[in-house]
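Below is one structure, written out as structure tokens; the observations come after it.
The values are calculated or read from the model by the stated rules, or taken from the named source; none is laboratory data. Here the structure is a predicted model, which is why all the values come from computation and not from measurement. Here the Cβ positions follow ideal geometry from the backbone for every residue, glycine too, while neighbour counts run over all protein chains shown. Surface accessibility is based on the protein's heavy atoms, side chains included, excluding ligands, DNA and RNA. Shrake-Rupley method; radii C 1.70, N 1.55, O 1.52, S 1.80 Å.
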Amino acid sequence: MNIPIARSSLTEDEIQSVLEPLSNGWLVQGPKVKEFETLWSVFTGAQHSLAVTSCTTGMELALAALGLKPGDEVILPAFTWIATANVIEHFGAKPVFCDIDLATFNIDVQLIESLITDKTAGIMPVHLFGLSADMDPILALSKKYELWVVEDAACGFGAKYKGSHVGSFGDVGVFSFHPRKAITTGEGGMVTGSNEELITKIQQLRDHGAVMSDLQRHLGAKPYLLADHIHAGYNQRMTDIQGALGAKQMERASDIIDERRSIADKYNEAFAGLEWLGLPADIAGYEHGYQSYPCLLKPEPVSINNVEKINAARNNWMDELQTNGISTRPATHAVHMLTYYREKYELKSEDFPNAYIANDCSISLPLFHGMTSEEQDYVIQTVSNKTF
Ligand SMILES: Cc1ncc(COP(=O)(O)O)c(C=O)c1O
């Protein structure tokens with residue numbers, strides 16, 4: 001067996017779908033991108049969806065439209081992919097890290113208020129690994145202190161909170177279509193939101209600041225006249241090749257989520273008796289999208305005092321699994337421990353203890369739609385046979 005941590009699984013129809021834009025000649029931000037956006041809105045309940053080149057660039061557009069400026073502060077979890085912090089940094093603003101809840105790997109909402117200052121401009125909760133952040137208290141704080149909220153929903157496809165799909169709670173939500181995500185366009189992202197003015201600005205910024213898109217111009221009364229440009233914008237347009245691939249996958253969006261959930265259910269049942277393994281949180285009122293299957297190794301209660309010892313045990317186990325043909329990864333990284341942020345803001349690992357523990361003791365097991373039952377059984381058998 002050789003089981004990767006994730007494997008993109010595209011149907012023949014999905015593979016063929018990219019030929020249509022290649023044949024009809026509309027290659028960038030045309031009808032296929034529009035179709036993908038519409039299907040995304042229908043599926044997630046977003047009022048507006050705008051396809052972009054990645055989640056990272058989508059978040060940059062959101063922050064630009066919200067007017068983030070040097071000196072501003074933005075609160076984000078310390079345990080997330082580095083992109084969440086980088087986009088804040090790109091505006092000369094300061095990422096203010098907040099520790100996480102180890103049970104969910106998401107931002108600890110109890111700690112946010114103490115980090116708010118008169119420089120705070122917004123909060124960026126992350127729906128890590130397909131589990132929604134606890135949005136009600138975050139939205140309450142945003143209202144109380146007049147802060148914007150940008151949801152990093154890179155991993156959020158299929159994640160619901162109190163019945164609603166993530167991406168529409170904050171001012172803006174942004175998803176990723178990187179190959180480790182449930183829906184992939186190679187690279188790609190989707191910005192969602194309901195604030196018309198903000199979404200219009202993001203739409204314009206995406207396309208060099210043009211007042212209307214090429215598609216709107218071509219469908220309008222005077223397609224031969226160029227649009228005016230009202231911002232110094234960016235080029236973050238998705239190609240129609242990617243749009244076609246995304247739109248085609250949306251036809252089986254529910255099946256993809258169901259399949260991932262059923263693999264997770266199988267794991268949850270099989271691993272329930274392993275006291276040394278903390279499983280992904282299963283909370284009433286939340287629906288997990290299982291972008292991945294993040295666990296916490298805890299052969300003994302983990303704390304800042306034994307984190308190094310458990311880190312060594314985790315790394316040995318990862319090595320053993322790799323030798324046995326099962327790829328794993330740390331769930332993600334603690335951004336405050338990465339050289340750039342550690343040095344620039346003079347941070348220590350212990351400043352955010354739970355993020356530190358998650359960084360050192362988490363392990364994601366392979367979970368992807370298209371995973372065969374033999375592969376699932378092999379993971380279950382190998383993990384279950386392990387003792388600590
Ligand atoms: C939490 C989080 N935010 C942002 C990103 C960046 O997404 P993209 O690669 O589409 O820019 C990722 C990608 O893995 C992620 O996991």
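Data for the structure
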{"item": "Qualifying residue in the stretch 132-146 (condition: under 27 Å from residue 17 (Cβ atoms) and either within 16 Å of the ligand (Cβ to nearest atom) or part of a helix (DSSP H, G or I) (or both))", "result": "no"}
{"item": "Helices (runs of 4 or more DSSP H) enclosed by the stretch 1-61 - at least 3 residues per element that are in contact with a strand residue (DSSP E or B) (Cβ under 8 Å, 6 or more places away or on another chain) and at pLDDT 95 or above", "result": "31-44"}
{"item": "Per-region count, the stretch 336-388, residues charged (D, E, K, R), touching a helix residue (DSSP H, G or I) at 6+ places or on another chain (Cβ under 7 Å) and more than 20 Å from residue 316 (Cβ to Cβ)", "result": "3"}
{"item": "Any hit, the stretch 171-183, residues being surrounded by fewer than 21 Cβ atoms within 10 Å (Cβ to Cβ) and away from the ligand (no atom under 12 Å from the Cβ)", "result": "yes"}
{"item": "Per-region count, the stretch 281-307, residues more than 23 Å from residue 160 (Cα to Cα) and either assigned to a loop (DSSP other than H, G, I, E, B) or open to solvent by 10 Å² or more (accessible area, probe 1.4 Å) (or both)", "result": "9"}
{"item": "Hits in the stretch 262-280 - residues which are touching a residue at least 40 places away in the same chain (Cβ under 8 Å) and open to solvent by less than 50 Å² (accessible area, probe 1.4 Å)", "result": "263, 264, 267, 270, 271, 274, 276, 277, 278, 280"}
{"item": "Where residue 165 falls short, out of the listed (1) crowded, with 18+ Cβ neighbours inside 10 Å; (2) within 16 Å of the ligand (Cβ to nearest atom); (3) within 16 Å of residue 289 (Cα to Cα)", "result": "(2)"}
{"item": "Subset tally (residues that are within 12 Å of the ligand (Cβ to nearest atom) and either in a strand (DSSP E or B) or basic (Lys, Arg) (or both)) for the stretch 73-99", "result": "3"}
{"item": "Residue count for the stretch 205-214, restricted to those that are open to solvent by 20 Å² or more (accessible area, probe 1.4 Å) and either without any contact (Cβ under 8 Å) to a residue 24 or more places away in the chain or on the phi < 0 side of the Ramachandran plot (or both)", "result": "3"}
{"item": "Failed item, numbered, when residue 218 is tested on (1) within 28 Å of residue 81 (Cα to Cα); (2) in a helix (DSSP H, G or I); (3) out of contact with any Pro (no Cβ under 7 Å at 6 or more places or on another chain)", "result": "(1)"}
{"item": "The stretch 166-184 residues that are within 15 Å of residue 142 (Cβ to Cβ), paired with ones that are open to solvent by 10 Å² or more (accessible area, probe 1.4 Å) and in a strand (DSSP E or B) (beta carbon under 7 Å, 6 or more apart)", "result": "171/148"}
{"item": "Residue that is nearest to residue 198 (Cα to Cα), among those in the stretch 128-149 that are in contact (Cβ under 8 Å) with a residue 60 or more places away in the chain and within 15 Å of the chain's Cα centre (by Cα)", "result": "132"}
{"item": "Pairs, first open to solvent by 60 Å² or more (accessible area, probe 1.4 Å) in the stretch 331-355, second in a helix (DSSP H, G or I) and not acidic (Asp, Glu), C-beta under 8 Å, six or more apart", "result": "342/336; 348/342; 350/356; 351/336"}
{"item": "Filter pass, residue 184 being touching a His at 6+ places or on another chain (Cβ under 8 Å), of a type in the set (S, T, N, Q), assigned to a strand (DSSP E or B) and within 30 Å of residue 82 (Cβ to Cβ)", "result": "no"}
{"item": "Scan of the stretch 193-204 for residues that are in contact with a Leu (Cβ under 8 Å, 6 or more places away or on another chain) and crowded, with 22+ Cβ neighbours inside 10 Å, ordered by number", "result": "199, 202"}
{"item": "Residue tally, condition polar (S, T, N, Q), surrounded by 21 or more Cβ atoms within 10 Å (Cβ to Cβ) and more than 12 Å from the ligand (Cβ to nearest atom), over the stretch 42-72", "result": "2"}
{"item": "Qualifying residues in the stretch 84-113 (those that are of a type in the set (Gly, Ala, Ser) and open to solvent by 10 Å² or more (accessible area, probe 1.4 Å)) - the one nearest to residue 347 (Cα to Cα)", "result": "92"}
